[in-house]
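The values are calculated or read from the model by the stated rules, or taken from the named source; none is laboratory data. Fair warning: this is a prediction, and the values are worked out from it, not measured in the lab. Because the Cβ atoms are built from the backbone with ideal geometry, glycine has one as well, and the counts that use them run over all protein chains shown.
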């Protein structure tokens with residue numbers, strides 16, 4: 001792994017996108033940044049710009065309109081990158097799975113590396129998910145895993 | 001020569017935790033027109049409310065908004081109780097007030113923190129959110145969950161709060177109030193914050209009423225409307241005076257929310273003091289039949305439900321009008337004339353909750 | 001699931017208080033009158049009642065609520081009240097989109113793209129879905 005890869009793993013920057021969540025998961029993501037949970041001890045920082053981000057945290061069920069935005073954001077992030085799907089909605093649609101304007105989870109839209117279940121998941125769980133995503137990114141940077149284009153299932157098992 | 005430019009603000013923007021797009025037409029740096037584009041988080045909850053049975057709907061409506069989930073459930077349950085003619089025991093009504101007010105407090109803490117963050121006041125943001133964590137601990141201790149606490153049920157509440165936990169809440173409130181004093185002092189008196197909020201995004205009382213504003217947006221313009229004065233749950237016995245400010249600008253709206261934190265502290269204390277003994281729920285019998293409306297006050301304003309039932313297990317219609325849905329037209333009226341740089345703060349000043357708005 | 005008989009225990013169905021049913025032709029004049037009285041527009045509700053639509057317009061005066069109720073045949077154009085209460089534009093767009101009520105002359109007309117997207121469902125709130133819509 002080059003020096004760039006190492007630096008990235010020590011300080012992965014996070015981009016958060018709400019794809020139709022109820023806000024519960026979103027505020028828990030923000031709660032991770034606050035003094036009680038403090039993800040900055042892992043070098044993680046929330047950033048608004050996808051071009052600076054390494055890890056994409058997605059909450060929510062996804063619909064046709066925000067799926068386009070989500071794909072754009074993902075495409076703008078530089079490799080190696082990782083995606084964490086947070087909450088029951090992002091996994092399967094959750095309580096909204098029968099609603100008419102719901103695609104039912106993030107997985108069909110962009111490849112997901114880590115799934116964090118819960119409604120809403122606790123900040124501890126979200127942090128663990130983000131840390132797992134960092135490991136994934138490191139593996140990817142060292143060439144152990146192929147870049148994230150065509151894989152979405154291997155680590156799932 | 002002035003040139004008109006159109007700038008999309010959002011849907012993904014650092015100041016907004018949720019996606020909404022404002023198409024801003026600018027004349028140099030001044031906003032001429034703002035058109036909101038929503039639909040990024042529309043799910044179709046109203047339809048799902050007709051598919052699930054009326055008992056399951058409690059869990060559905062709680063998940064319309066993760067910030068004020070308890071109050072959504074409260075509004076729904078009160079409507080169903082009206083349709084089924086259920087009398088809620090007094091202890092349950094007081095417990096509902098306690099959880100509602102704790103929710104209002106955490107929501108205002110969250111918002112005050114986001115506002116501080118929008119100015120770049122990161123440590124102030126952290127202070128509000130650290131204080132908010134104490135409220136989240138109270139939820140976890142009393143309800144078992146941090147965000148969606150699921151304690152409201154048709155006919156009462158699902159959990160009781162033990163005397164030890166009531167004492168714990170009172171002890172925590174002392175610490176919360178102390179930290180709040182310091183943080184609110186900065187928000188209301190800091191020179192930079194005042195410069196960026198006083199006189200920005202002004203909404204007169206007449207405009208606010210005409211545009212259908214609700215909650216702190218309406219009260220910040222000097223109109224004393226608060227659904228809690230209707231006296232649902234135990235608000236009637238506890239008594240409540242709406243918090244109002246006259247100026248109608250971003251600063252006034254901030255001040256209303258800051259003062260409402262203290263109002264909630266006071267309400268929780270009084271509700272605990274006067275908490276009656278007895279059952280916490282009655283078993284509802286039969287099925288809802290007829291049509292009714294239900295109104296409660298959320299942290300963001302008045303929440304309005306229309307329910308239609310035909311005596312079957314499922315509702316015929318569940319209409320949900322959330323406070324931010326009503327506060328979007330006032331926002332559209334506030335923005336023209338302001339500077340581009342003030343758009344994020346003015347947008348934030350209505351406390352937008354997009355997941356509520358689009359359902 | 002077998003349907004239970006209606007009005008269990010002989011209790012009549014609950015009704016909304018303060019509702020006044022008006023004719024579609026009087027609607028605009030009545031809303032104008034409400035506006036002149038200084039009522040705050042709360043929202044509108046649409047119900048799918050088989051061959052008809054039922055529309056409620058909710059108003060608030062201080063703490064009190066009052067409602068106007070209109071029943072129209074499906075397909076009948078409904079005049080927009082957003083010329084009187086500008087804030088009604090969002091809810092009217094929503095009703096137009098989700099129920100297919102032909103509301104005319106909305107001040108900001110999103111033309112079916114407020115909440116829904118091309119390729120998604122159309123008029124999803126109707127009770128009976130046409131086979132083409134998903």
If we keep only residues of the stretch C:3-20 that are at pLDDT 75 or above and either within 13 Å of another protein chain (Cβ to nearest Cβ) or in a helix (DSSP H, G or I) (or both), then the residue farthest from the chain's Cα centre (by Cα) is C:12
Inspect the stretch C:93-103 for any residue being closer than 30 Å to residue B:230 by Cα and at pLDDT 85 or above and give the result as yes or no. yes
Checking residue B:319 against (1) over 28 Å from residue A:19 (Cβ atoms); (2) within 8 Å of chain C (Cβ to nearest Cβ); (3) part of a strand (DSSP E or B), only one condition comes out false. Which one? (1)
Inside the stretch B:222-240, the number of residues satisfying the requirement of being under 19 Å from the mean Cα position of the chain (by Cα) and part of a helix (DSSP H, G or I) is 5
Would you kindly identify the strands (runs of 3 or more DSSP E) lying entirely within the stretch C:21-134 that contain at least 3 residues that are facing chain B (nearest Cβ under 10 Å), within 14 Å of the chain's Cα centre (by Cα) and in contact (Cβ under 8 Å) with a residue 40 or more places away in the chain? C:40-49
Just one of B:49, B:66 is within 30 Å of residue B:201 (Cα to Cα) and touching a helix residue (DSSP H, G or I) at 6+ places or on another chain (Cβ under 6 Å); which is it? B:66
Taking the options C:99, C:89, C:41, name whichever one is touching a strand residue (DSSP E or B) at 6+ places or on another chain (Cβ under 7 Å) and surrounded by 21 or more Cβ atoms within 10 Å (Cβ to Cβ). C:41
Does residue B:358 satisfy the condition of being within 19 Å of residue B:45 (Cβ to Cβ), modelled with pLDDT under 85, under 19 Å from the mean Cα position of the chain (by Cα) and at the interface with chain C (Cβ under 8 Å from one of its Cβ atoms)? yes
Please verify whether the stretch A:68-76 includes one or more residues that are within 8 Å of chain B (Cβ to nearest Cβ), under 17 Å from residue A:133 (Cβ atoms) and surrounded by fewer than 24 Cβ atoms within 10 Å (Cβ to Cβ). yes
Can you work out which of the residues in the stretch B:305-316 that are touching a residue at least 60 places away in the same chain (Cβ under 8 Å) and assigned to a strand (DSSP E or B) is nearest to the chain's Cα centre (by Cα)? B:305
For residue B:160: the one exception among (1) in contact (Cβ under 8 Å) with a residue 12 or more places away in the chain; (2) surrounded by fewer than 24 Cβ atoms within 10 Å (Cβ to Cβ); (3) assigned to a helix (DSSP H, G or I): (3)
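Residue by residue, here is whether (1) within 14 Å of chain A (Cβ to nearest Cβ); (2) at pLDDT 90 or above; (3) buried (at least 17 other Cβ atoms within 10 Å of the Cβ) holds:
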residue: B:122; (1), (2), (3): yes, no, no
residue: B:131; (1), (2), (3): yes, yes, yes
residue: B:135; (1), (2), (3): yes, yes, yes
residue: B:139; (1), (2), (3): yes, yes, yes
residue: B:144; (1), (2), (3): yes, no, no
residue: B:148; (1), (2), (3): yes, no, yes
residue: B:153; (1), (2), (3): no, no, yes
Among A:36, A:58, the single one that is modelled with pLDDT of 85 or more, closer than 20 Å to residue A:122 by Cα, within 12 Å of chain B (Cβ to nearest Cβ) and surrounded by fewer than 24 Cβ atoms within 10 Å (Cβ to Cβ) is A:36
When the stretch B:169-201 is checked residue by residue, the ones that are on the phi < 0 side of the Ramachandran plot, assigned to a loop (DSSP other than H, G, I, E, B) and crowded, with 17+ Cβ neighbours inside 10 Å are B:200
May I ask you to list pairs of residues, at least six apart or on different chains, whose Cβ atoms are under 6 Å apart, with the first in the stretch B:271-283 being in contact (Cβ under 8 Å) with a residue 24 or more places away in the chain and the second being part of a loop (DSSP other than H, G, I, E, B)? B:278/B:89; B:279/B:89; B:280/B:160; B:281/B:155; B:282/B:155
